[in-house]
Amino acid sequence: SRAIKTNQDLLPETPWTHIFYNDFWGTLLTHSGSHKSYRPLCTLSFRINHAVGGMDPWGYHLVNVLLHAAVTGLFTNFSRILFGDGYWTLIAGLLFASHPIHTEAVAGIVGRADIGACLFFLLSLMCYVKHCSTRYSSWSTWGWILGAGMCAGCSMLWKEQGVTVLAISAVYDIFVFHRLKIRQIIPSLYKRKNLTLFFSIGLLTSWGTALLGVRLYWMGNKPPSFSNSDNPAADSDSFLTRTLTFFYLPTKNLWLLLCPDTLSFDWSMDAVPLLKAVSDWRNLHTVAFYAGLLFLAYFSLKGSINERECNGKTVLNGKQNANGHNCHSEMEYKTLEVKSSFASKDENGIKQHEMQKLKLPSTENIVILSLSLLIVPFVPATNLFFYVGFVIAERVLYVPSMGFCLLVTVGVRALYVKAQKRFLKNLVFCSTAALIVFYGLKTVVRNGDWQNEEMLYRSGIKVNPAKAWGNLGNVLKSQSKISEAESAYRNALYYRSNMADMLYNLGLLLQENSRFSEALHYYKLAIGSRPTLASAYLNTGIILMNQGKTEEARRTFLKCSEIPDENLKDPHAHKSSVTSCLYNLGKLFHEQGHYEDALMVYKEAIQKMPRQFAPQSLYNMMGEAYMRMSRLPEAERWYVESLRSKNDHIPAHLTYGKLLALT
């Protein structure tokens, strides 16, 4: 709703340049309540969708699916560089295409930010791969690195994590293209032939630093602030709780990639209970996760324990490899070797760096790249550098899932190569095919959950009952299922009694069904839970005014009008409620015959009125006040303004007609 339906940046009357100054939700980026989610290219794509098809969702979904198809094609093409032509590249592509974790990013329109970022992420990486392969032979190589930098910038303008592609490019260059080991990096600094390598890495580092610096400056040099329900661990006073929980969350995310059985549209609040003690059994998962990660990293960076250098040539298990460079095991090499042989360094005019680019990277090199692709893009979501506004978000795993798919593929390939018997090879292959089929079936089922809001929220009840029941109540209310909606709101409050939005929504439902005393009770609870909830003050004042409690209503409206919009998640909605409060306060003064006071309040309302507020009733009441004071020219001006803002506003036609009859 906030990203598209109520986002003023999508409307044609809003200058398109506003997109570059506002966040993803249409709030000014430097505002204290802004999420600091700066994704102008994604918002621009929404604006184009809106210009072409308005609010018809079909076009928005079509663009998301086409983008996912393009990303899948690019990822498969990148996999060819690592696995060559054949089954392994196909398996990597199919794993990515069918993975259920992508459903939120593709089926949910706002997930387009992740898909667009991934598209330019891969374009940047492919440009850098091309730069590596042409670095010693063509001047066009600097065009490729420029393209890599520009695509990295575009990826970051789709979503923040896109900038991490620069780190992945550096990993590719060092560990995949140049096949360096950790112990070889420092000595290679002193070799003249590696100057271009480190010059390229320097360019990547400088460009990444510049992008991050500009991004930080553009958002006002301040991190965003979130409510405790968005990220409960960040709000915890206990250092131990924060540490244990933040260490555990990556483990939970990896499990969603491995076994995406339980998925949810929202993982905030208590969806993942905090780890408050070392004795919590989930800490075992954390230990196992990081131990496995360290083992994989050690295995990859150290290389084969049987590998040794002999006269500058690689020797494996006492036998020299056929190309003198690759570090697969002998059996694996026979399975994967590129059908090329070179008698010497310069045979047939092919130089060593050109020979190098024709050979497939080793298993260890691919594991290093896969781990980097899995971990580095996920780092911004780990709360390591700054707190984020979610506990787990499935769409955030869209880019890291590429590393997961590569890791699974290289693992399956290693098992296939190690298997000696044909039966075992077939078992590995069939198991992988079954995994892809099951992933695909789960994706189809999960897409069913995303067919409409009611199905989506019902599917999330077992993960986040408070949020799911509350949202389901809104849907049922829109369907005029009043008793079911009331039950849903009460269920939400059963799981989390201090949710101001749910207390307010229940009060609104009761007010619309003339249960005013109950509505007042829930509005007061909502205000107690969130003293800045202007809409609760507004409706409280309206009920009190209708009950004849004018003085109490006046105090309520005044208090509402004084609430600042600092650090509020949705300042536009807040300003609309404050304007409505002032409008009703003016009506109260008007009914009491205090027309001068009413005019002062109306003028204040006009000053505070946000762009999306419908002003026809306010303008009409301004005209009424001037009419009662016999200031007819001013009254006529405001009646005309009311009809200009909404030409079918019946009260303004009636009051303007009376004025014309009078004159």
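Residues that are among the hydroxyl-bearing types (Ser, Thr, Tyr) and open to solvent by 50 Å² or more (accessible area, probe 1.4 Å) are absent from the stretch 602-625. Please verify whether Phe226 is over 18 Å from the mean Cα position of the chain (by Cα) and either part of a helix (DSSP H, G or I) or surrounded by 14 or more Cβ atoms within 10 Å (Cβ to Cβ) (or both), treating the condition exactly as stated. In short, no.
Exactly one residue among Val367, Val388 is touching a residue at least 40 places away in the same chain (Cβ under 8 Å) and either part of a helix (DSSP H, G or I) or closer than 17 Å to Phe121 by Cβ (or both), and that residue is Val367.
Among the residues of the stretch 554-576, which ones are over 16 Å from Leu544 (Cα atoms), open to solvent by 70 Å² or more (accessible area, probe 1.4 Å) and part of a helix (DSSP H, G or I)?
If the condition is that a residue be over 16 Å from Leu544 (Cα atoms), open to solvent by 70 Å² or more (accessible area, probe 1.4 Å) and part of a helix (DSSP H, G or I), then Lys575 is the only one that fits.
Checked against the criterion of being part of a helix (DSSP H, G or I), in contact (Cβ under 8 Å) with a residue 60 or more places away in the chain, open to solvent by 10 Å² or more (accessible area, probe 1.4 Å) and of a type in the set (Gly, Ala, Ser), the candidates Ser37, Ser79, Ser32, Ser45 yield just one match: Ser45. Filtered by the rule that a residue be within 16 Å of Leu258 (Cβ to Cβ) and either of a type outside the set (A, V, I, L, M) or open to solvent by less than 30 Å² (accessible area, probe 1.4 Å) (or both), the stretch 423-434 gives Ser431, Thr432. Checking Val396, Val437, Val408, Val412 one by one, the residue that is open to solvent by 80 Å² or more (accessible area, probe 1.4 Å) and in a helix (DSSP H, G or I) is Val437 and no other.
If you go through the stretch 506-529 and keep only what is surrounded by fewer than 17 Cβ atoms within 10 Å (Cβ to Cβ) and under 35 Å from the mean Cα position of the chain (by Cα), you end up with Lys524, Gly528. One residue alone among Gly586, Gly541 is surrounded by 21 or more Cβ atoms within 10 Å (Cβ to Cβ) and over 21 Å from Ala500 (Cα atoms), and that residue is Gly586. Scanning the stretch 272-296 for residues that are under 25 Å from Asn365 (Cβ atoms) and surrounded by 15 or more Cβ atoms within 10 Å (Cβ to Cβ) gives Phe289, Leu293, Leu296. The listed residues are Ala466, Ala485, and the only one of them that is more than 30 Å from Val408 (Cβ to Cβ), within 22 Å of the chain's Cα centre (by Cα), open to solvent by less than 60 Å² (accessible area, probe 1.4 Å) and of a type outside the set (Val, Ile, Thr) turns out to be Ala466. Checked against (1) assigned to a helix (DSSP H, G or I); (2) open to solvent by 20 Å² or more (accessible area, probe 1.4 Å); (3) out of contact with any Phe, Trp or Tyr (no Cβ under 6 Å at 6 or more places or on another chain); (4) of a type outside the set (Ser, Thr, Tyr), Ala234 passes all but a single condition, namely (3).
Hey, does the stretch 255-270 have a residue that's aliphatic (A, V, I, L, M) and not in a helix (DSSP H, G or I)? Checked against the condition, which is being aliphatic (A, V, I, L, M) and not in a helix (DSSP H, G or I), the stretch 255-270 yields at least one hit. Among the conditions (1) under 30 Å from Pro224 (Cβ atoms); (2) in contact with a Leu (Cβ under 9 Å, 6 or more places away or on another chain), Ser206 misses just one, which is (2). Put simply, of Glu596, Glu604, Glu591, Glu634 the only residue that is of a type in the set (D, E, K, R) and either under 19 Å from Glu562 (Cβ atoms) or under 44 Å from the mean Cα position of the chain (by Cα) (or both) is Glu604. Of the helices (runs of 4 or more DSSP H) lying entirely inside the stretch 161-222, the ones with 3 or more residues being more than 34 Å from the chain's Cα centre (by Cα) and at pLDDT below 80 are found at 182-188. Of all residues in the stretch 626-639, which are surrounded by fewer than 15 Cβ atoms within 10 Å (Cβ to Cβ) and either farther than 18 Å from Ala598 by Cβ or aromatic (Phe, Trp, Tyr) (or both)? Pro633 - this is the single residue of the stretch 626-639 that is surrounded by fewer than 15 Cβ atoms within 10 Å (Cβ to Cβ) and either farther than 18 Å from Ala598 by Cβ or aromatic (Phe, Trp, Tyr) (or both). Only residues that are outside any loop (DSSP other than H, G, I, E, B) and among the aliphatic types (A, V, I, L, M) were counted in the stretch 271-298, giving 8. Taking the listed residues Leu197, Leu180, Leu204, Leu211, the one that is within 30 Å of Gly33 (Cβ to Cβ) and either in contact with a helix residue (DSSP H, G or I) (Cβ under 9 Å, 6 or more places away or on another chain) or in contact (Cβ under 8 Å) with a residue 40 or more places away in the chain (or both) is Leu211, with no other qualifying. In the stretch 647-663, of all residues being out of contact with any Leu (no Cβ under 8 Å at 6 or more places or on another chain) and part of a helix (DSSP H, G or I), the one that is least open to solvent (accessible area, probe 1.4 Å) corresponds to Thr655. Selection over the stretch 146-159 of residues that are of a type outside the set (Gly, Ala, Ser), buried (at least 21 other Cβ atoms within 10 Å of the Cβ) and part of a helix (DSSP H, G or I) gives a count of 4.
The values are calculated or read from the model by the stated rules, or taken from the named source; none is laboratory data. Since we're looking at a predicted model, the values are computed, not measured. For neighbour counting, all protein chains shown are included, and Cβ atoms are generated from backbone atoms with ideal geometry for every residue, glycine included. Accessible surface areas use protein heavy atoms only, side chains included; no ligands, DNA or RNA. Shrake-Rupley method; radii C 1.70, N 1.55, O 1.52, S 1.80 Å.
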